[in-house]
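This report concerns only the one structure given below.
Each value in this text was obtained by applying a stated rule to the coordinates, not by laboratory testing. None of the values given here were measured: they were computed from a predicted structure. Using ideal geometry, Cβ is built from the backbone for each residue, glycine included, and neighbour counts are taken over all protein chains shown.
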Amino acid sequence: MNGYDLLRVLWATFLGLGIIAMGILTFTSKGEPGIGFRIGYTYLSERARRKSNRVSGIGTVLTGFLLIILSPFLSFPRLAALLLLGIGTTMLLAYLTAKREYELEEFSEGAPEKPGKAIKTPNLKGYIALQAAFLAIFAGLCIAGRVPRETAIVIGGALLLLLALTFLVSRPLVFQLAPGFSGIMARKFARALTLVSGLTTAEMALAALGYEPGPLGVVLLIMASLGVIFYAAFIALTGAYEEGYY
């Protein structure tokens, strides 16, 4: 095993163990704040919380194990694609489970009380349209043959996942992370996802167009990227605080 293969296996093992730990915490969650699969349905229904945590925990653990087991045989891009596919599928199945269990409990005799006020859907059309434009730009670069196939699969999947998450946070019962939902967190989370989507598209466009920065350019790009990522995280965290989820 050469140095590159060893680095890939170590990276996948470290990341996989972290994902497995997250999955175990999710599966065994008893409703602790910030732990487990937490969306609007899980706050309105204990049944939905338990069932969706089981699905999310099992899917997350399996993703971690697959990442470790397949690391000697798959390249970095394929491992990244596996990670995106595993997490994305797990989130979708957990969401569908939470929705189904909430609806079953809602129609049962012991249905929980409805929220005291109507929850309005936040308007995130601008963020969704902007991310769709980023995805279209990236698709154009791929069609033009400017992006390697494996990179296109990974980055395209990541952009699609960001777009899907932005759509989901526009649904109150999906992203109601606080009892008094007002849409603040959803809007700021969507803004943060859009910033990351734009950063990813811009970096891929520079690479596809043949831009080769010198040492100073590399440092500036790294600093700019980290700045955008930290700013996006700051926006999401402040949104959570203002919404009341702290």
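A few remarks follow.
- Given charges at beta-carbon only (K, R positive; D, E negative), |dipole| of region 1-114 in Debye: 200
- Cα gyration tensor shape of region 1-114, rounded if a/c is under 1.5, else prolate or oblate by comparing a/b with b/c: prolate
- Spin-label model distance (nm) - E150 vs A202, 7 Å beyond Cα toward Cβ: 2.8
- The charge dipole of region 119-245, taken about its Cα centre with unit charges on the Cβ atoms of Lys, Arg (+1), Asp and Glu (-1) only, comes to about 380 debye.
- Dipole orientation for region 1-114: of the candidates A80, A94, F37, A80 has the Cα lying most toward the positive pole (charges on Cβ; Lys, Arg +1; Asp, Glu -1).
- Expected-Rg normalisation [2.2 N^0.38 Å, Cα atoms] applied to region 119-245: 1.18
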